[in-house]
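The values are calculated or read from the model by the stated rules, or taken from the named source; none is laboratory data. Keep in mind it's a predicted model, so treat the numbers as computed, not measured. Cβ sites come from the backbone with ideal geometry, for glycine too, and all protein chains shown count toward neighbours.
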Amino acid sequence: MIRNPKPVYITLFISLVLSAVLAITTFFIDEMRLISALTAFSITFAISFVLFFYSIEFFIYRKIKLIYKTIHSLKTQKYDAVLSNFDLLNDPISNMNKEVISWARSQKEQMEELKRLAEFRKEFLGNVSHELKTPIFNIQGYIHTLIDGAMEDPEVNVRFLKKAAKSADRLSDLVADLLAISQLESGELVMEYERFDINLLLKDVYEQLEVRAKERGIALIIKEGCNKPFFVYADRYRVRQVIVNLVSNSIKYGKEYGTTTAAYYDMDENILIEIGDNGEGIDQEHLPRIFERFYRVDKSRSREGGAGGTGLGLAIVKHIIEAHQQTINVRSTIGQGTTFGFTLKRPQ
């Protein structure tokens, strides 16, 4: 049974043309004998039909058909199954098919990365919308309540104005953090390197956050033997952002009446800075995602009263350290506490 009609039609046409030409030629050469012409026509037709059909069917049509199968298989990511049909062949069509599959393989990682980025953008936009919605709705609620009559009550109006101001501050912080992380990721933010004492900078941050620490009874200390100058070569302002964020998190999520401890270690070319607490700790399943944007370990406290932060702090910390061509890591044990460690280059 003939399965592919197109090669049959093509072969039939070519065979008829060749046979007709040969028959006419024989007819005139062999004293115009019709029997000789018909014999030549039949033999030529049979031979040419078989030869051309085999050539078209097996060398052209089937391989072109396999290229279509390849295109279909690329959509389902079945590269190896298609390539195996051409492993033993070496002709232009087979080679072209191999090149198509090789190109698809090389593009596979890029396509997967584009899909991942698309999903990431979708998730990011959803998170940003949710983060912006909370303080905006709070501000709207307080203002509308004041307009509807609460403004006349001196006790209520001051309290609601303070709450609205607090939500506005959180909104401002979120926008500032989004701008900062955008600049860091795009490489637009230029680091201004200088030599400075990291211990002196930490003491300044401790002094800034002292009141907040006392509210929770947390002692801000420097590990014994580390309270001395440790010079680094980095962007002082950005490193200050890192330390403020890490110490603030330690105060916010550490154990009440606990401690926040800073330590420094000489690592030859770098200085390792560690900031840790003796709080509840973080479960191991959360640690790989701790530096992701908007990722929170304790979601129940993430937006309560606007005190949960923007959810971008640790992401910004990671980007700042990586912009210095350095690394940051975290280790934690449930019931014992959490320690963040990052490195900075020593001055030459």
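The rows are residues; the columns are (1) at pLDDT below 90; (2) assigned to a strand (DSSP E or B); (3) of a type outside the set (Lys, Arg).
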{"site": "PRO288", "(1), (2), (3)": "yes, no, yes"}
{"site": "GLY305", "(1), (2), (3)": "yes, no, yes"}
{"site": "GLY311", "(1), (2), (3)": "yes, no, yes"}
{"site": "VAL317", "(1), (2), (3)": "no, no, yes"}
{"site": "VAL330", "(1), (2), (3)": "no, yes, yes"}
{"site": "THR339", "(1), (2), (3)": "no, yes, yes"}
{"site": "PHE342", "(1), (2), (3)": "no, yes, yes"}
{"site": "PRO347", "(1), (2), (3)": "no, no, yes"}
Test for GLN77: is it under 30 Å from GLY311 (Cβ atoms) and modelled with pLDDT under 75: no
Whichever residue in the range 234-268 is closer than 16 Å to GLU280 by Cα and assigned to a strand (DSSP E or B) and, among such residues, is farthest from the chain's Cα centre (by Cα): THR259
Residue in the range 269-281 that is modelled with pLDDT of 85 or more, under 30 Å from LYS163 (Cα atoms) and of a type in the set (Val, Ile, Thr) present: no
Leading residue by the ranking (surrounded by the fewest Cβ atoms within 10 Å (Cβ to Cβ)) among those in the range 231-264 that are at pLDDT 95 or above and of a type in the set (Phe, Trp, Tyr): PHE231
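A quick yes/no check of all residues on (1) β-branched (Val, Ile, Thr); (2) at positive phi; (3) in contact with a His (Cβ under 9 Å, 6 or more places away or on another chain):
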{"site": "GLN241", "(1), (2), (3)": "no, no, no"}
{"site": "TYR257", "(1), (2), (3)": "no, yes, no"}
{"site": "ALA262", "(1), (2), (3)": "no, no, no"}
{"site": "ASP266", "(1), (2), (3)": "no, no, no"}
{"site": "ILE282", "(1), (2), (3)": "yes, no, no"}
Count of the range 130-164 residues which are free of Cβ contacts under 8 Å to residues at least 12 places away in the same chain, surrounded by 12 or more Cβ atoms within 10 Å (Cβ to Cβ) and part of a helix (DSSP H, G or I): 8
